[in-house]
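I'd like to ask some things about the structure below.
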Amino acid sequence: MIKKFFNRGFYTGVDVAERQINAVQIRLKGGKPEVTGSGTVSLSAKNTEINNEELANSLRQCFAKINYRGEPVITALPNHQLLMGTATFPLLSGKELATAAHYETCNQFQINERDYITEHLPINIDEEEEQIEVLLIAAPLGQIHRYHQVFKLAGLKLSVIDIYPAALWRLSRNRLTKPGFSCAMLHLDGANTQLLMVADKKIQYVRPLNYQGKEGAALVEEVNRALALYAYRPNHKPIEKIILTGVEDLHMVLVQYLEAKLGLPVHTDSTLEPALAMAFGLAVRESDP
C-alpha cells in the first residue's frame, strides 16, 4: 500500500533514440504534468546493433538519474520498425472503427496477423463528408517482445509501447500550442525522423522523413516536399511555425538555416531540451482526456 501511494501519479516516458536513451519522469498534479526528473545516456552504437543486455544496462544508467519509483513506464517503437499508412472510413463507433482499421491494415500491408499487432490513430475528421482519416499501424511482435525483454532485464515496469506520432501530438498539445494554432512538429532522429502537422490541437498529417544525418539542404528538401503534399489536402490549415525536437545537433545555426530556407519561424521548446521532448510526449500519455 505504501509503495502504491508513493508511486501514484508518477509516469516515465522513455525515448530509445537511435544513439541515446532519453527519459522524462512526470507527476500529475490536478491533471497537469509536472517534470520531476530527466536523464540521458549515450549508446555505444545504434540501438538496433547492440544486444539486449547492453541496452538494458544503458536503461538502468538512465533511470539512475531520475529517482525511479517503480512507476509505469511508456516507450515507443521507432517508425522505421513499423508499417504505417492511412485510410479513410465513414464515421463509425469506436468498436466498429477498430475492427475496420484492423482488417484494412492487414489487407493494405498483406501481413499475417499472427506476426503483428495492429493499431490505429484518428488523424482527421471531416464532419461535412461524414468520414474520418486514420493512421494505420502494424507493429512486429518480434520487436515488441524484444522491448519487453530489455525493460524487464533493466528492472523496469513497461506498461505501454506507444507510437512516436502520438507522442509528438501530445507534446504539441501539452506544451507548445494554443487553440486555433497550427504548427509542424519536426523530430530529428536518423531513421526515425518525422514531421507531424497539428492544427487546433488535432493531428492533420503525418510523414516519416529520411534524414539520416544529412546536411541542412537535404533536410530542407525533405520538409518542403512534405509541406507541399500537406498543402494539397482539402481544408488544410496553413502552418504558422515549425517546432524542432530530437537528438540531432539543434544549435541556432540549424534553426536559422531552416528559417531562411523554409520561410517559417523555427523554434525549440524553451522549457525542455530538444532531446527530451519526445520522452515527455510519451510520459504524458496517461494525462490524455
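Only residues that are under 9 Å from Val24 (Cβ atoms) and surrounded by fewer than 24 Cβ atoms within 10 Å (Cβ to Cβ): list them for the range 265-283, please.
Hits for the range 265-283 are Leu272, Leu276.
Can I ask one more? Among the residues of the range 146-171, which ones are part of a loop (DSSP other than H, G, I, E, B) and not hydrophobic (A, V, I, L, M, F, W, C)?
Result: Gly155, Lys157.
Residues Ala231, Ala167, Ala217: which one is small (Gly, Ala, Ser) and within 18 Å of the chain's Cα centre (by Cα)?
Of the residues listed, the single one that is small (Gly, Ala, Ser) and within 18 Å of the chain's Cα centre (by Cα) is Ala167.
For the range 99-132, give me each residue that is among the hydrophobic types (A, V, I, L, M, F, W, C) and in a loop (DSSP other than H, G, I, E, B).
Matches in the range 99-132: Ile111 only.
To continue, here is another question. Give the number of residues within the range 48-81 that are within 19 Å of His187 (Cβ to Cβ) and surrounded by fewer than 19 Cβ atoms within 10 Å (Cβ to Cβ).
3
Quick check on my filter: what residues within the range 133-145 are out of contact with any helix residue (DSSP H, G or I) (no Cβ under 7 Å at 6 or more places or on another chain) and assigned to a helix (DSSP H, G or I)?
Result: Leu141, Gly142, Ile144, His145.
Can you give me the number of residues within the range 243-264 that are loosely packed, with under 15 Cβ neighbours inside 10 Å and either modelled with pLDDT of 75 or more or assigned to a helix (DSSP H, G or I) (or both)?
Counting residues in the range 243-264 that are loosely packed, with under 15 Cβ neighbours inside 10 Å and either modelled with pLDDT of 75 or more or assigned to a helix (DSSP H, G or I) (or both) gives 5.
Answer yes or no: is there a residue in the range 209-219 that is surrounded by fewer than 16 Cβ atoms within 10 Å (Cβ to Cβ), on the phi < 0 side of the Ramachandran plot, modelled with pLDDT under 85 and in contact with a strand residue (DSSP E or B) (Cβ under 8 Å, 6 or more places away or on another chain).
Within the range 209-219 (the criterion being surrounded by fewer than 16 Cβ atoms within 10 Å (Cβ to Cβ), on the phi < 0 side of the Ramachandran plot, modelled with pLDDT under 85 and in contact with a strand residue (DSSP E or B) (Cβ under 8 Å, 6 or more places away or on another chain)), the answer is no, since none of the residues qualifies.
Further question: List the pairs whose first member sits in the range 108-125 and is in contact (Cβ under 8 Å) with a residue 60 or more places away in the chain, whose second member is polar (S, T, N, Q) and surrounded by 12 or more Cβ atoms within 10 Å (Cβ to Cβ), and whose Cβ atoms are under 7 Å apart, counting only residues at least 6 apart or on separate chains?
Cβ pairs passing all conditions: Ile123/Gln204; Asn124/Gln204.
Looking only at residues in the range 24-40 that are among the hydrophobic types (A, V, I, L, M, F, W, C) and under 19 Å from the mean Cα position of the chain (by Cα), which one is surrounded by the fewest Cβ atoms within 10 Å (Cβ to Cβ)?
Result: Val35.
Going by the conditions given, is Thr105 β-branched (Val, Ile, Thr) and farther than 14 Å from Pro140 by Cα?
No: the conditions fail for Thr105.
The values are calculated or read from the model by the stated rules, or taken from the named source; none is laboratory data. Fair warning: this is a prediction, and the values are worked out from it, not measured in the lab. Methodologically, a virtual Cβ is constructed for each residue, glycine included, from the backbone with ideal geometry; neighbour enumeration extends over all protein chains shown.
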